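Accompanying notes for the structure given below.
The values are calculated or read from the model by the stated rules, or taken from the named source; none is laboratory data. Owing to the predicted nature of the structure, the values given are computational and were not obtained by experimental measurement. Positions of Cβ are generated from backbone atoms using ideal geometry, with glycine treated the same way; all protein chains shown enter the neighbour counts.
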Amino acid sequence: MKKLALALSLAVSTLLPLAQTAHAAGTVRISSMEGFAPFNYTNEAGTYVGLDTAVVDAVFEALGVSVEHAPRPWKRALAEFEHGDTDVLFQFKHNDTRDAKWHIVRLRSNNQAYFVTAGSDVQDITSLEDLSGLTVGVMAGFSYNDAFDAASNFKKAAAPSLEANIKKLKAGRVDVVIANEAVFDHTARTLGLSDAFRTMPTPATKGARYIGFQKTPEGIALGDKFKAKLEEMQSSGAVDDIVANAS
């Protein structure tokens, strides 16, 4: 009986790493920010959806790779990816620090953030100097661009979610909020506050949204395959169709 138990134990210990390896080869675990509609969010049916989520899922499906989403508050999503608990992270702004640590692929190009106000007398913000003395609502863990991130002539009030920032803006606890226009509009509408704010005409930041892979041989190889397949699907018009169907 003892010999049988030992044999079974050895068999399980031998098979377990093989199962884990097979899981790692066929499935990727993906970090992203929860509640970032319309790009990535959980719908009423409990399914993780969104414009960017649909594109990411479709590319991995075309590669024959299963996905496991792990939506989190952004700072936690960042931490889990940087600790190696997840394989992929999306979506974010590119900067040199991230480029040095992660294998980065451009996901989608249309990413503009704007300043939004509730009752400020400021009509537009066209430079960082225009923010002097103001309190700006930002997302904890976000990078906007190098100049904005480094600026010290205004106060940055970080919040864990855009919903929290919108409530602070409505209450007058911040002067302006910087946010992606589509995400802000969707969140404000969900809160019943669509008519409470004014978006300033000049974009605060412009650029692409990126997806990151671990900077390991396996992560780099996966990222390169993802990039090649994404570009193929963009050229064929498949990505446009995916976004249209997810809208």
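Has the range 227-236 got any residue that is assigned to a helix (DSSP H, G or I), without any contact (Cβ under 8 Å) to a residue 40 or more places away in the chain and of a type in the set (Ser, Thr, Tyr)?
yes
Of everything in the range 81-107, what is over 22 Å from Tyr41 (Cα atoms) and of a type in the set (S, T, N, Q)? Give them in sequence order.
Answer for the range 81-107, where residues must be over 22 Å from Tyr41 (Cα atoms) and of a type in the set (S, T, N, Q): Asn95, Thr97.
What are the residue pairs meeting all of these: first residue in the range 110-133, first residue closer than 17 Å to Ala188 by Cβ, second residue of a type in the set (Val, Ile, Thr) and part of a strand (DSSP E or B), Cβ atoms under 6 Å, and 6 or more apart or on different chains?
Taking only residues 6 or more apart or on different chains, the pairs are Ala113/Ile178; Ala113/Thr205; Tyr114/Thr199; Phe115/Val176; Phe115/Ile178; Val116/Val177; Val116/Thr199; Thr117/Val176.
Within the range 87-109, is even one residue without any contact (Cβ under 8 Å) to a residue 60 or more places away in the chain and surrounded by 18 or more Cβ atoms within 10 Å (Cβ to Cβ)?
Within the range 87-109 (the criterion being without any contact (Cβ under 8 Å) to a residue 60 or more places away in the chain and surrounded by 18 or more Cβ atoms within 10 Å (Cβ to Cβ)), the answer is no, since none of the residues qualifies.
Of all residues in the range 184-219, which are part of a strand (DSSP E or B) and of a type in the set (Val, Ile, Thr)?
Scanning the range 184-219 gives Thr199, Thr202, Thr205, Ile211.
Answer with yes or no whether Ala238 is more than 17 Å from Pro38 (Cβ to Cβ), among the aliphatic types (A, V, I, L, M) and assigned by TED's automatic domain parsing to the domain that holds Gln123.
no
If the requirement is being crowded, with 18+ Cβ neighbours inside 10 Å and closer than 17 Å to Met33 by Cβ, which of these qualifies: Ala158, Ala77, Ala140?
Ala77
Checking Gly219 against (1) exposed (fewer than 15 other Cβ atoms within 10 Å of the Cβ); (2) more than 26 Å from Thr135 (Cβ to Cβ); (3) of a type outside the set (A, V, I, L, M), only one condition comes out false. Which one?
(1)
Looking at Thr199, Thr190, which is the one that is in contact with a helix residue (DSSP H, G or I) (Cβ under 7 Å, 6 or more places away or on another chain), of a type in the set (Ser, Thr, Tyr), farther than 19 Å from Val56 by Cβ and assigned by TED's automatic domain parsing to the domain that holds Phe148?
When all the criteria are applied, what remains is Thr199.
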